[in-house]
1. Please work out whether region A:74-216 counts as rounded, prolate or oblate from its C-alpha gyration tensor, where a ≥ b ≥ c are the square roots of the eigenvalues and a/c under 1.5 means rounded, while otherwise a/b larger than b/c means prolate and anything else oblate?
2. Report the A-B buried area as the accessible area lost on both sides summed, probe 1.4 Å, in Å² to the nearest 100.
3. How much area per residue is accessible in region B:75-216 when the probe is 1.4 Å and only protein heavy atoms are counted (Å²)?
4. What nm distances, shortest first, do you get from the label point of B:Gly55 to those in the other copies when the point sits 7 angstrom along Cα to Cβ?
5. Could you report region A:19-64's accessible area per residue, 1.4 Å probe, as an integer in Å²?
6. Taking beta carbons within 10 Å but only from partner chains, what does the mean come to for residues A:167-180?
7. Suppose R0 equals 30 Å; then what is the FRET efficiency for A:Asp201 and A:Thr103 from their Cβ-Cβ distance, rounded to the nearest 0.05?
8. Please compute the length gained on full extension between A:Glu26 and A:Gln212, using 0.36 nm multiplied by the number of residues separating them and subtracting their Cα-Cα distance.
Number of protein chains: 2
Amino acid sequence: MTGSTVPVTAADETRPLRRDAQRNRERIIAAAHEVFATRGFAATLDDVAHHAGVGVGTVYRRFPTKEELVAAVFADRMQDVVALAERALATESAWDGLILLLTESVRMQARDRGLRDLLLTVDKSNLPALKGRVPELATAVIERARAEGTLRPDFEPTDLPMIFTMLSEVARTCGDIRPDAYERYLTLIIDGLRAGSARGDLGAPLTISCVQDALTKCVPPLEPRRR
Amino acid sequence: MTGSTVPVTAADETRPLRRDAQRNRERIIAAAHEVFATRGFAATLDDVAHHAGVGVGTVYRRFPTKEELVAAVFADRMQDVVALAERALATESAWDGLILLLTESVRMQARDRGLRDLLLTVDKSNLPALKGRVPELATAVIERARAEGTLRPDFEPTDLPMIFTMLSEVARTCGDIRPDAYERYLTLIIDGLRAGSARGDLGAPLTISCVQDALTKCVPPLEPRRR
DNA sequence: GTCAAGTTGAGGAATCACCTCCACTTGGAT
DNA sequence: ATCCAAGTGGAGGTGATTCCTCAACTTGAC
């Protein structure tokens, strides 16, 4: 889907790519998807080039910055996330919607670390635009479940990225041997999320800016250091 | 405690250090404690030297490897952990013991990333010896709570390090702004740990070797790469 | 006063990511 | 068939970072 054959990046006057160049562009995107999936944004453009079987120069010519490559790679995947969030908001039971959102989005992140990095990327650059309405939808899913009385009342939307952080760390470290390990801890957390389980006091919720600051420390920077 | 004034590292015939050297040794250990507390094992010996106000050469002379320095720094701290685990095993209620162990050990790790790295270090080298009976004690605490019926029966000792991993990631990323952020998620997890909360199926527990493999990926290597 | 023990920190070596540049190849318009 | 703008490859320069040595110097203790 969204798979238009021609340039993606908006209103540029550029003439269509030569056939071989177009082929390479697609190879690069496919390779980048794979490489990002395992190494996340920490992957280098050199990595991508080797994986794609093209020279580094070619990658840099087509995608001068890692950010542009990321945008090209994840535009489609992001649509899947949007669709998921919409489905989650449309379930009959708000609790079921929340569980759907959690299990499926964490599963996606566990399988594709690049997607995780993108979801946890905070407003640097244009990438967040890719996320579209996802944040708002996710917040709505949480608030609906809270209103329904099935989710513990002290759970906040800012907790969602932190849960992603924790579980993706499990997925990263156990990934090679037990790709499903994160499910165990997701289940544990979900059991703590039910209104009926809430016995401890969660204390003050994290502010948005606190979470943003935290996220910058768990996603590799897209730009090289200092220049 | 354990604060003997002379060399720690076993039966070497070395004559006592000169007075200035002894002073420097102590400075180095104190500085290392601070530096490890914030950067964990990722801190470099150069860092430590600068912090201690001595030349790098001095650090390398006294502690040829980072491992030796770590051992010197954390011998005492580790005793605190052993004491905690013993207290946790001695509580009247097994559940209270488990909660004590969890809250206090995670708090220690949140305050001192070096301690975290050490606790999550897997048998490379001699470091695990420092941990003494901690692993066995922790296992006993968990099994006692399970037998008591207050801890969900599908929780396993191998889950403990993974919980440490998740929460220390929160502590690391939020540490500067909200050093207590991890408490929120610890509370959430504890609420999911009660036998009464267990509704989801945790699935197959992680094997010890799986956890060991995971842990190697979340502690910076003590030795430099390749040599 | 002597000198072994200790100190120092500049700097060499190794690694790594980033990215440019230019000699070479190729698609496609004519 | 010819031509050349577009495209390609990848060796290698740049700069950051870490590790650790070593030779000239300082100092404690006898």
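The values are calculated or read from the model by the stated rules, or taken from the named source; none is laboratory data. Quick caveat, the model's predicted, so the values are computed rather than measured. Every residue, glycine among them, receives a Cβ derived from its backbone with ideal geometry; neighbour counts consider all protein chains shown. Note: accessible area is taken over every heavy atom of the protein model, side chains too, but ligands, DNA and RNA are not part of it. Shrake-Rupley method; radii C 1.70, N 1.55, O 1.52, S 1.80 Å.
1. In terms of gyration-tensor shape, rounded.
2. 3800
3. Per residue, region B:75-216 has 39 Å² of solvent-accessible surface.
4. 4.8
5. 53
6. Partner Cβ neighbours, averaged per residue: 5.
7. My answer for the efficiency is 0.70.
8. 63.7 nm
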